[in-house]
Amino acid sequence: MSGALSGFTIIDLTQGLCGPFGSMRLGDAGAEVIKIEPVAGDFSRAMGPPFIGDESTVFLSLNRNKKSVALDLHKPEGQDIVRQLVTKADVLLEDLGPGEAEKLGLGYDTLRTLNPKLVYCAISAFGEEGPLQNLPGAELVIQAMADYTNSLGRIGEAPVRTGTDVASINTGIFASQAVTAGLFHRVRKGEGQRVSVSMLGTLLHMRGIMWTAMTDPDDWYGFHLDHYTKPPDHGYKTKDGHVYFGLRRGNSEDWDRLLISLGMVESLSDPRFAGFGRDATSIGRHAAEVKPLWEQGFKEMTNEEVVQRIHEFNGDAVPFMDYPQLFAHPQVQALNVVQEIDHPTAGKFKTIGPVWRFSDTPAQIQSPPPMLGQHTEEVLEKLGVSREEMHRLENSGVLGKR
């Protein structure tokens with residue numbers, strides 16, 4: 001079956017994490033993604049450890065469903081090949097930096113004369129305006145500038161980062177959404193356009209609710225405010241691990257029965273436990289200070305028993321899990337997001353597959369991450385480039401070794 005974006009062709013000039021994650025999502029939806037890599041390859045091919053054989057797991061995780069063309073964009077003949085590809089494409093993605101594509105003759109104003117219906121997506125670190133527009137950016141720099149590190153760790157200790165590349169990956173998601181919206185506009189109006197996204201803009205958007213909450217609040221309370229001062233939350237200790245829970249869907253009777261069943265009768269009259277436990281659990285006002293009382297009630301119970309008990313009283317509860325436990329969980333297995341790919345050199349490896357579920361146009365893994373320049377000949381043949389000409393371009397350094 002064809003994907004939702006089958007029939008669309010994407011020219012992808014991006015490297016690293018952000019752009020490749022965005023283009024992979026488009027490829028998962030069925031688009032043909034032609035990945036233009038430097039002759040030496042996307043720099044993420046060298047990111048590691050970990051590696052599987054000689055292959056970077058970072059690259060393997062971000063580049064399925066793509067065709068690789070190894071090409072030097074800084075040579076005029078390489079730029080000409082991209083322009084030829086654009087005439088037959090629907091989308092171009094680039095992360096060359098503000099103004100850099102224009103220097104190579106690959107800016108939007110140039111390319112739209114060749115293809116007025118082109119959707120052109122530019123990705124940058126700080127955005128295309130302002131005093132930082134021309135500076136290089138990186139994940140940790142953007143996290144720090146966008147206030148992401150202030151909510152983590154403990155006051156007085158060194159700042160820590162989020163465990164995921166939250167700026168890069170979410171900007172990739174925004175890029176794929178922007179491209180899809182641009183294509184939808186083209187279907188309606190018959191015209192392309194230029195769209196741009198930035199890593200800083202992404203985190204400002206995602207963080208915005210925090211700053212809105214800080215605008216003259218009546219009371220400095222609630223997750224969106226006091227997360228700056230509360231210690232890290234590792235859940236509630238049980239006999240064999242930790243759980244996280246809340247009782248926001250329960251009623252007064254549920255709350256009383258839960259406390260009684262845990263031997264916490266004295267807490268029924270504790271004002272910190274009033275309001276059906278809204279302030280004593282989860283991110284409630286008193287949750288951190290009364291945590292030892294909960295852990296006393298849970299100390300002889302396993303994770304499974306605590307979760308089951310909370311569910312009995314219309315609460316929400318989950319165990320804290322490590323990697324093996326998470327992917328062995330029946331709910332994760334039911335989602336079928338962990339899929340196996342067979343790679344020509346890395347062999348079989350597991351990855352997170354598409355998480356979209358379409359009734360008629362399924363997103364799916366159709367091809368493994370490509371070898372460097374694996375599809376150069378195939379792609380150039382469709383442009384009418386002869387093998388003799390490819391050989392000449394290869395010898396002159398325009399194309400990578402096939």
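Counting 0.36 nm for each residue step from ASP240 to ASN150 and taking away their Cα separation leaves a gain of 29.3 nm. Over the chain, DSSP H runs of length four or greater, each weighted -39,500 (n - 2.57), average out per residue to a 222 nm ellipticity of -10500 deg cm²/dmol. By a 1.4 Å probe calculation restricted to protein chains, THR345 has an accessible surface near 80 Å², given to the nearest 10. GNM on the chain, C-alpha springs below 10 Å: top fluctuator among ASP42, ASP360, ASP279? The residue with the greatest mean-square fluctuation here is ASP360. In whole angstrom, note down how far apart the Cα centers of region 329-366 and region 208-283 are. With region 329-366 and region 208-283 each reduced to a Cα centre, they are spaced 36 Å. When the surface is traced with a 1.4 Å probe over the full set of protein chains, MET214 keeps roughly 60 Å² accessible. A straight Cα-to-Cα reach below 27 Å connects LYS230 with the lysines LYS239, LYS291, LYS299, residues fewer than 8 places away in its own chain not being considered. Annotation: HIS74 carries an accessible surface of approximately 140 Å², with a 1.4 Å probe and no ligand, DNA or RNA atoms counted. When the chain is treated as a GNM with alpha-carbon contacts under 10 Å, the residue of PRO292, PRO324, PRO136 showing the greatest mean-square fluctuation is PRO324. Take the Cα radius of gyration of the chain and divide it by 2.2 N^0.38 Å, N being the number of residues; the result is 1.21. Ordering of 84-90, 126-132, 216-222 by packing is 84-90, 126-132, 216-222, highest average first (other Cβ atoms within 10 Å, averaged per residue). Relative contact order for the chain: 20 percent, from Cα pairs under 8 Å spaced at least 6 residues apart, divided by residue count. Please list, in order, the residues from region 359-386 whose amide nitrogen is less than 16 Å from a point placed 7 Å along the Cα→Cβ vector of ASN336. From region 359-386, the list is 359-366. For LYS103, give me every one of the lysines with a C-alpha distance below 17 angstrom, ignoring sequence neighbours fewer than eight places off in its own chain. Straight-distance partners of LYS103: LYS75. Applying a threshold of 20 Å to the alpha-carbon distances of LYS350/LYS401; LYS67/LYS189; LYS67/LYS88; LYS35/LYS401 flags LYS350/LYS401; LYS67/LYS189 as lying beyond it. Taking all Cα pairs closer than 8 Å and separated by 6 or more residues, the relative contact order of region 28-76 comes to 49 percent.
Working from Cα pairs under 8 Å separated by at least six residues, relative contact order for region 100-193 is 32 percent. Given +1 at the Cβ of Lys and Arg, -1 at the Cβ of Asp and Glu and no other charges, the dipole of region 76-230 around its Cα centre is 580 debye to the nearest 20.
Shown for the chain: the carbon plus sulfur share of the solvent-accessible area, taken with all protein chains present and a 1.4 angstrom probe, equals 54%. Average accessible surface for the chain: 51 Å² per residue, computed with a 1.4 Å probe over protein heavy atoms with every protein chain in place. Report, in whole Å, the centroid distance computed from the Cα atoms of region 367-392 and region 117-132. One Cα centre to the other: 29 Å. In terms of accessible area, using a 1.4 Å probe and ignoring ligands and nucleic acids, GLU55, GLU305, GLU253 rank largest first as GLU253, GLU305, GLU55.
The values are calculated or read from the model by the stated rules, or taken from the named source; none is laboratory data. Being a predicted model, the structure only gives us computed values, none of them experimental. A quick note on method: Cβ atoms are made from the backbone with ideal geometry, for glycine too, and the neighbour counts reach across all protein chains shown. What goes into the accessible areas is simple: the full protein's heavy atoms, side chains included, and nothing from ligands, DNA or RNA. Shrake-Rupley method; radii C 1.70, N 1.55, O 1.52, S 1.80 Å.
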